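The values are calculated or read from the model by the stated rules, or taken from the named source; none is laboratory data. Values in this document were obtained by computation on a predicted structure and should not be read as measured data. We place every Cβ from the backbone using ideal geometry, glycine too, and count neighbours over all the protein chains shown. With ligands, DNA and RNA removed, areas are computed over all heavy atoms of the protein, side chains included. Shrake-Rupley method; radii C 1.70, N 1.55, O 1.52, S 1.80 Å.
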Amino acid sequence: MTRHDLGTCIYCGSSGPFTDEHVVSAGLGGDDKAWMLKGCVCGKCNTGVFSPLEAKFLRASPAAIARLFLQPHTRDKGEAPTMQTPFTFHHDPENGLLLEARLEAGGTTTILPQLHMETLDRFGTIGTDKAATGTLFARLRALLGDGISLIEKLASKSFRVTPLTWGTDGYGPGEAGMVSRLPKGADASRVWHEPFHYPGTLPKGVRITPRVFLRPEGQIVCRAADVAGTIFVLSQLRRNQTELEASQEQSVAPQSQMPGLHMRLPVDSTSTGRVLAKTGINLCAQLLGVDVVRNHAFDAVVGFAHAGTGELIRHGEPAALACVLGPAVTDNHVLVLFPIAVDGGVRLVFAARLYGGGTECIRLAELPAPLPGLMAPLFVHVDYARNRIRSLSLEEHYLPLAYNLLSGTTRRG
């Protein structure tokens with residue numbers, strides 16, 4: 001069976017089992033129960049392929065920054081959006097420290113509880129309050145036993161695990177092993193090694209010192225030049241536990257009201273393109289019918305969305321497309337299916353403006369004849385603040401925008 005057969009998955013051609021698929025990712029604010037594909041996307045594609053793909057796009061892409069600042073929650077009544085970055089540093093010019101931080105929903109910065117190595121045997125404690133640093137110290141007391149597992153993340157599904165054993169000279173490494181998945185429930189004896197990063201935006205003269213910090217998810221992380229540096233830091237922490245307890249009472253909270261924020265955000269253009277392609281395909285299935293996307297003309301874009309094979313064909317110039325869509329709609333993504341007449345047939349194009357930003361436009365298919373349900377552009381507004389999706393005609397999309405421009409007012413789309 002293939003994806004072209006009735007009753008099969010439109011992405012891989014399997015016969016199921018099927019699960020409900022959001023037309024627009026729930027993480028993008030598309031958790032609208034009226035906009036779900038049923039009986040045409042298998043569970044393997046839905047949860048095994050697209051869920052991790054969308055998670056990567058939503059937490060580590062340019063759209064992730066806009067999402068963090070603008071979207072109040074991920075799903076209907078869900079949690080606040082988050083981002084995943086290799087590092088986020090808060091530079092406090094008052095004390096010259098580069099601190100481990102987290103950029104939170106709404107654009108606020110949270111300083112993580114951390115210990116900075118000031119000298120070979122002295123650490124300074126940084127934290128926003130005693131409760132946060134107290135949690136860090138409690139975790140360190142439990143961690144610094146006779147055996148520790150040192151974890152390095154090498155790739156998306158690859159980890160190096162090195163056992164550390166306490167001896168007369170401090171912690172000594174055993175034979176490292178590679179695993180594709182870490183067993184659950186062993187965080188109390190694990191510490192993660194992460195290397196130094198030097199942001200290109202960092203002012204001259206600012207040093208990055210070895211440090212140990214606690215992530216909100218519960219991981220203890222040591223940032224040092226290399227693994228040997230992390231082992232040395234952990235050894236010094238155990239040797240100086242009495243002094244560490246005293247330093248907790250002298251913890252320092254950042255004072256500057258105008259800090260610098262330095263972060264690295266990986267951009268995977270293929271993942272972004274795949275998510276856009278999948279959204280366009282889903283939109284066609286929802287608005288034009290599932291059988292439309294079973295057409296062989298969709299094979300190339302389906303293959304790209306599902307497995308990243310082939311090449312995504314961009315359409316038009318972004319500036320011109322932005323003009324076509326008009327001004328941004330408050331709290332809404334704007335998605336459009338465009339039929340463009342070419343050589344007696346029709347080119348089906350999908351355009352997306354997420355969070356009022358730049359416009360992306362991709363070619364979905366070249367069809368030999370117009371589609372009865374798509375004689376003019378179809379607009380879709382995704383209210384990501386309220387998890388509501390609406391389909392609009394050309395006139396329904398443009399009339400409120402024209403009114404806003406003429407009256408000088410702003411209305412929710």
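Taken over segment 392-408, the criterion of being open to solvent by less than 60 Å² (accessible area, probe 1.4 Å) and either assigned to a loop (DSSP other than H, G, I, E, B) or at pLDDT below 85 (or both) is satisfied by Ser393, Pro400, Leu401, Ala402, Asn404, Ser407. The condition (being in a strand (DSSP E or B), under 21 Å from Asp31 (Cβ atoms), open to solvent by less than 30 Å² (accessible area, probe 1.4 Å) and of a type in the set (Gly, Ala, Ser)) is satisfied by just one residue among Ala285, Ala305, Ala365, Ala352: Ala352. Pairs are defined by a Cβ separation below 7 Å, a sequence spacing of at least 6 or placement on different chains, a first member in segment 59-84 that is among the charged types (D, E, K, R), and a second member that is open to solvent by 30 Å² or more (accessible area, probe 1.4 Å); the pairs so defined are Arg59/Thr82; Arg59/Gln84; Glu79/His73. Just a yes or no: is a residue in segment 49-71 of a type in the set (Gly, Ala, Ser), outside any helix (DSSP H, G or I) and under 20 Å from Thr19 (Cβ atoms)? No; the residues of segment 49-71 include none that is of a type in the set (Gly, Ala, Ser), outside any helix (DSSP H, G or I) and under 20 Å from Thr19 (Cβ atoms).
Filtering Ser25, Ser61 for residues that are within 19 Å of the chain's Cα centre (by Cα), modelled with pLDDT under 90 and buried (at least 20 other Cβ atoms within 10 Å of the Cβ) leaves a single hit, Ser61. Scanning segment 215-235 for residues that are open to solvent by less than 60 Å² (accessible area, probe 1.4 Å) and at pLDDT 95 or above yields Ile220, Val221, Cys222, Arg223, Ala224, Val227, Gly229, Thr230, Ile231, Val233, Leu234, Ser235.
Applying the selection to segment 154-169, what residues are in a strand (DSSP E or B) and more than 18 Å from Arg190 (Cβ to Cβ)?
Initially, segment 154-169 is screened for residues in a strand (DSSP E or B), giving 154-155, 158-167.
The answer is Ala155, Gly167.
Among the residues of segment 315-331, is there at least one that is open to solvent by less than 50 Å² (accessible area, probe 1.4 Å), assigned to a strand (DSSP E or B) and of a type outside the set (Gly, Ala, Ser)? No, segment 315-331 has no match at all.
When segment 23-48 is filtered for residues that are outside any helix (DSSP H, G or I) and either among the small types (Gly, Ala, Ser) or without any contact (Cβ under 8 Å) to a residue 24 or more places away in the chain (or both), the ones remaining, listed by number, are Ser25, Gly29, Gly30, Lys33, Ala34, Met36, Lys38, Gly39.
Which of the following residues is in contact (Cβ under 8 Å) with a residue 60 or more places away in the chain, over 29 Å from the mean Cα position of the chain (by Cα) and either open to solvent by less than 50 Å² (accessible area, probe 1.4 Å) or within 25 Å of Lys204 (Cα to Cα) (or both): Gly172, Gly134? Before the answer, list the steps.
Numbers: Gly172 fails: in contact (Cβ under 8 Å) with a residue 60 or more places away in the chain.
Answer to the selection: Gly134.
Applying a threshold of 6 Å to beta carbon distances and a minimum spacing of six or more residues, or different chains, the list of pairs starting in segment 376-391 at a residue that is touching a residue at least 40 places away in the same chain (Cβ under 8 Å) and part of a strand (DSSP E or B) and ending at one that is among the basic types (Lys, Arg) and surrounded by fewer than 21 Cβ atoms within 10 Å (Cβ to Cβ) reads His381/Arg390.
In contact with an Asp or Glu (Cβ under 9 Å, 6 or more places away or on another chain) and more than 22 Å from His333 (Cβ to Cβ): is that true of Cys12 in this structure? Steps first, answer last, please.
Numbers: in contact with an Asp or Glu (Cβ under 9 Å, 6 or more places away or on another chain): no; more than 22 Å from His333 (Cβ to Cβ): yes.
In short, no.
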